[in-house]
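The block underneath contains the structure these notes are about, expressed in structure tokens.
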Amino acid sequence: MSDAVERGRASWARYPEIYKSEPFFRTKKEAWELFRIGPTYEVGGQRVAYESAQFPVEAFDQFMKQGVPRWATNDAATQKAYDAYVQKVCPCVVVVHSQGGNFGFNAALNAPDKIKALVAIEPSGAPDPAKVDVAKLKGVPHLIVWGDNISKSAFWQRLMPPISRYREALTAAGGKADVFELPTMGLLGNSHMLMMDRNSDQIAGLINDWLVKQGLVN
């Protein structure tokens, strides 16, 4: 279990001595809408959650107190850290979320012999198959998990095509890339923060069952 450079318990470092740019901060409105907790957030007014929302909206304000500054210039440092982590603790199954998706895909490409499987929970990016050799991962089964209300978010609709292209290229190369679209499986109202949603244990069970089918969990 790890936090990326500058995220969570990894905190942040001085700039410009270490980080080369100033941080920016995610607002409550941005988080509410991009994390698909609800369609609208009126600053100083009412916020509207999606019907059947699984995220505990009563805990949203406390959740936002845990936010840390973010940078847009640290990808290389983050990838280097993840690659080193893989070399230290794997062979293993890698589970990633959101921005971690792209780092996880690249970590697997950089060390395909170390990764037994890759589970990407709502990844926000993926490598360009025109620039990487996805065939290196044909022996690494992939699972991509999506929550609800993605079709209602222009932001997430913009992010989907690169991930679809990566998956299609991997499949064409002989790899395995399954997709769980939770609403089609009867799980409604899930936000981007699936691990915080009320039915997170049920989702974890579905992922565990998939790992069992790959022969990776007893």
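We did not get these values from a lab; they are worked out from the coordinates using the rules stated. Just so it is clear, the model here is predicted, and its values are computed rather than measured. Virtual Cβ from ideal backbone geometry, glycine too; neighbours counted across all protein chains shown.
Taking a 18 Å limit on the Cα-Cα distance, which of the listed pairs LYS80/LYS138; LYS88/LYS114; LYS20/LYS65; LYS114/LYS138 fall beyond it? Intermediate values should be presented prior to the final figure.
Numbers: LYS80/LYS138 23 Å; LYS88/LYS114 10 Å; LYS20/LYS65 25 Å; LYS114/LYS138 13 Å.
Violating the 18 Å Cα-Cα cut-off are LYS80/LYS138; LYS20/LYS65.
Is any helix in the chain, taking whole DSSP H runs, at least 27 angstrom long along its axis by alpha carbon and on average at least -1.0 on the Kyte-Doolittle scale, and which ones?
154-172
Using only helices, what value at 222 nm comes out for the chain when you add -39,500 (n - 2.57) per DSSP H run of length 4 or more and divide by the total residues, to the nearest 500 deg cm²/dmol? Intermediate results must be reported in sequence, preceding the final value.
On the way: 6 runs with 71 residues, N = 218.
So the helix-based figure for the chain works out to -10000 deg cm²/dmol.
Once amide H atoms are built 1.01 Å from N in the peptide plane, which residues 5 or more positions from ALA177, or in another chain, come under 5 Å H to H?
Answer set, sorted by chain and number: HIS142.
Would you grab the residues whose amide H sits under 5 Å from the one on VAL217? Only those 5+ places off in sequence or on another chain, please, with H modelled 1.01 Å from N.
Here the answer is VAL212, since their amide H atoms fall under 5 Å of that of VAL217.
How large is ³J(HN,Hα) for each residue in region 52-66, as worked out from phi by the Karplus curve 6.51 cos²θ - 1.76 cosθ + 1.60 (θ = phi - 60°), to whole Hz, x for Gly and Pro?
Each residue's phi maps through the Karplus curve to give 6, 4, 8, 5, x, 4, 5, 9, 4, 4, 5, 4, 5, 5, 8 Hz.
Neighbour counts of other C-beta atoms within 10 Å: give me TRP71, TRP12 arranged from fewest to most. Intermediate results must be reported in sequence, preceding the final value.
Working: TRP71 20, TRP12 16.
Neighbour counts put them in this order, fewest first: TRP12, TRP71.
Which order do peptides 95-102, 38-45 fall in by mean Cβ count within 10 Å, highest first?
Working: 95-102: 20.1, 38-45: 11.8.
For the peptides 95-102, 38-45, the packing ranking is 95-102, 38-45.
Explain nothing, just the number: relative contact order of the chain, from Cα pairs under 8 Å at least 6 residues apart, as a whole percent. Present the calculation step by step, with values, prior to reporting the outcome.
Numbers: 342 pairs, mean separation 42.4, N = 218.
19 percent.
Among ALA172, HIS97, ILE207, whose Cα lies farthest out toward the positive end of the dipole of region 75-213, if unit charges sit on the beta carbon of Lys, Arg (+1) and Asp, Glu (-1)?
ALA172
Would you work out the charge dipole size for the chain about its Cα centre, treating the Cβ of every Lys and Arg as +1 and the Cβ of every Asp and Glu as -1, and quote it to the nearest 20 debye?
Numbers: 25 positive and 23 negative charges, 94 e Å.
The calculation lands at about 460 debye.
Non-local amide H neighbours of VAL95 (under 5 Å, H modeled in plane, Pro and chain starts lacking H): which ones?
Close amide H contacts, sequence-distant or interchain: VAL119.
Using the Cα atoms of the chain, I'd like the radius of gyration and the largest Cα-Cα distance, Dmax, both in angstrom.
17.7, 52
Apply the Karplus parameterisation 6.51 cos²θ - 1.76 cosθ + 1.60, with θ equal to phi minus 60°, to every residue of region 119-130 and state each ³J(HN,Hα) to the nearest whole Hz, in sequence, with x for glycine and proline.
10, 10, 8, 6, x, 9, x, 7, x, 7, x, 6
Fewest first, what order do ARG165, ARG36, ARG158 take by the number of other Cβ atoms within 10 Å? Walk me through the numbers before you get to the answer.
Numbers: ARG165 16, ARG36 25, ARG158 9.
So the ranking, lowest neighbour count to highest, is ARG158, ARG165, ARG36.
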